[in-house]
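The values are calculated or read from the model by the stated rules, or taken from the named source; none is laboratory data. The structure displayed is predicted, hence computed values, not measured ones. All Cβ positions, glycine included, derive from the backbone under ideal geometry; neighbour counts span all protein chains shown. Just the protein is used for accessible areas: all its heavy atoms, side chains included, with ligands, DNA and RNA removed. Shrake-Rupley method; radii C 1.70, N 1.55, O 1.52, S 1.80 Å.
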Amino acid sequence: DHVHVLGGALRRLPGRYEKDAGMTTLTVRLGSVDDAGTRFAEAGRRALAGEAVEATPTLYFQSYDDMHKILAPSRLAIVKALAGQGSLAIREVARRVERDVQAVHRDVTMLIDAGVVDRTDKGIAFPYARIHFEFDVSAAA
């Protein structure tokens, strides 16, 4: 397990490249670094008490605006095109999302810098089959 802070996001991704029978889901949450730390500490306490604790790959953003900067619709389309596909060349991703290669390259660079996708020796990869968004949006007070 590791905790990664980049681009306004805090990410805890255990065993990212373990190939198991089923691909995993990346959960996206809104919360502070303290919220993530509290969840991590609670999981550690439970594990030390002998309870089975399921590791959930999670990406934390401090606000909806921070999340939207990284996972804007055009970038989310790239992530969806990569989900469950293994490594793909940027040119292939551009073809799948029907966008210009240079524009896709800029968006991919932002996604890599934020820790959402990974650069591989064969291109880029999103090592999950799906994304689950877990947060509430309320009306302004």
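Multiplying the residue separation of Ala72 and Ile112 by 0.36 nm and subtracting their alpha-carbon distance yields 13.0 nm. Projected label points at Arg119 and Asp100, each 7 Å from Cα along the beta carbon direction, are separated by 2.2 nanometres. The stretch between Ser63 and Glu42 holds 5.3 nm of extra length on full extension. This uses 0.36 nm per residue minus the Cα-Cα distance. With the whole protein complex present, Asp100 retains an accessible surface near 90 Å², based on a 1.4 Å probe. Measuring with a 1.4 angstrom probe and ignoring ligands and nucleic acids, Ser32 comes out at about 40 Å² accessible.
For the set Met67, Met110, the ranking by accessible area, highest first and with no ligand, DNA or RNA atoms included, is Met110, Met67 under a 1.4 Å probe.
With every protein chain in place and a 1.4 angstrom probe, the accessible-area ranking of Leu88, Leu111, largest first, reads Leu88, Leu111.
Here Glu42 sits with roughly 80 square angstrom of accessible surface, probe radius 1.4 Å.
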